[in-house]
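The values are calculated or read from the model by the stated rules, or taken from the named source; none is laboratory data. The structure displayed is predicted, hence computed values, not measured ones. Because the Cβ atoms are built from the backbone with ideal geometry, glycine has one as well, and the counts that use them run over all protein chains shown.
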Ligand code: SF4
């Protein structure tokens with residue numbers, strides 16, 4: 001079995017696997033057009049020999065679930081600590097890999113009740129958007145008993161203190177929340193339409209205070225790779 005890969009790195013005992021392709025069409029995405037190559041899962045095992053932990057991300061890893069499941073199962077059996085990043089758009093695929101995964105990073109795109117905003121943020125049309133919303137809500141329920149980081153991109157005009165609190169009230173408590181300042185890292189996103197401005201850091205700070213009502217650990221990520229951790 002083979003996987004389409006955009007990156008495979010080992011640093012000491014830590015591995016990082018980035019997989020190609022996604023089920024969403026976010027207009028700020030810098031990952032879906034990256035060049036990819038194909039590796040057998042045997043080759044990936046060989047390259048990951050001796051690691052103790054791995055981060056599996058991408059684009060969206062779960063769109064390659066057929067080959068990903070045996071890879072994660074084998075890594076789990078070897079005792080490797082596995083973190084999986086997902087957009088939550090395929091809850092059945094997520095459910096099938098959860099037994100092998102130690103920690104999940106799941107990205108909340110925006111207010112799940114605001115379909116107009118979500119259409120822009122995900123690039124999906126009406127029908128697939130409704131499916132995405134259903135799937136995301138189920139995915140969130142599935143990861144409730146796992147170590148989970150909720151990852152949120154703070155894009156001006158889409159995330160504000162009022163709708164942010166409402167989003168978190170719907171999701172409930174999570175172990176960790178990470179707020180990323182839109183456009184602060186070109187390897188994470190790019191401008192789209194008229195959305196070419198970073199939010200003020202003060203807005204990220206204000207949202208972080210709200211997030212503390214829903215998580216004991218809140219991380220802010222912004223310009224110059226600045227990281228601020230609140231809570232624990
Ligand atoms: S930003 Fe993430 S979820 Fe959106 S298209 Fe890119 S990889 Fe997929």
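Could you grab me the full set of residues in the range 20-58 that are within 14 Å of the ligand (Cβ to nearest atom) and either assigned to a strand (DSSP E or B) or free of Cβ contacts under 8 Å to residues at least 12 places away in the same chain (or both)?
Within the range 20-58, 33, 56, 57, 58 qualify.
With the requirement that a residue be within 26 Å of residue 25 (Cβ to Cβ) and surrounded by 17 or more Cβ atoms within 10 Å (Cβ to Cβ), what does the range 73-95 give you?
83, 84, 85, 86, 87, 88, 89, 90, 91, 93, 94
Is it fair to say residue 124 is without any contact (Cβ under 8 Å) to a residue 24 or more places away in the chain, within 19 Å of residue 32 (Cβ to Cβ), buried (at least 18 other Cβ atoms within 10 Å of the Cβ) and in contact with a helix residue (DSSP H, G or I) (Cβ under 7 Å, 6 or more places away or on another chain)?
No; evaluated as a whole, the condition is false for this residue.
Can you find even one residue in the range 59-79 that is under 30 Å from residue 181 (Cα atoms), away from the ligand (no atom under 16 Å from the Cβ), in contact with a helix residue (DSSP H, G or I) (Cβ under 7 Å, 6 or more places away or on another chain) and modelled with pLDDT of 95 or more?
no
If you take the residues in the range 169-189 that are more than 11 Å from residue 207 (Cα to Cα) and away from the ligand (no atom under 16 Å from the Cβ), which one is surrounded by the most Cβ atoms within 10 Å (Cβ to Cβ)?
Selected residue: 174.
Scanning for something assigned to a helix (DSSP H, G or I), within 16 Å of the chain's Cα centre (by Cα) and touching a residue at least 12 places away in the same chain (Cβ under 8 Å), does the range 86-93 turn up at least one residue?
Within the range 86-93 (the criterion being assigned to a helix (DSSP H, G or I), within 16 Å of the chain's Cα centre (by Cα) and touching a residue at least 12 places away in the same chain (Cβ under 8 Å)), the answer is yes, since at least one residue qualifies.
Is there a residue being part of a helix (DSSP H, G or I) and within 13 Å of the ligand (Cβ to nearest atom) anywhere in the range 98-118?
Taking every residue of the range 98-118 in turn, at least one turns out to be part of a helix (DSSP H, G or I) and within 13 Å of the ligand (Cβ to nearest atom).
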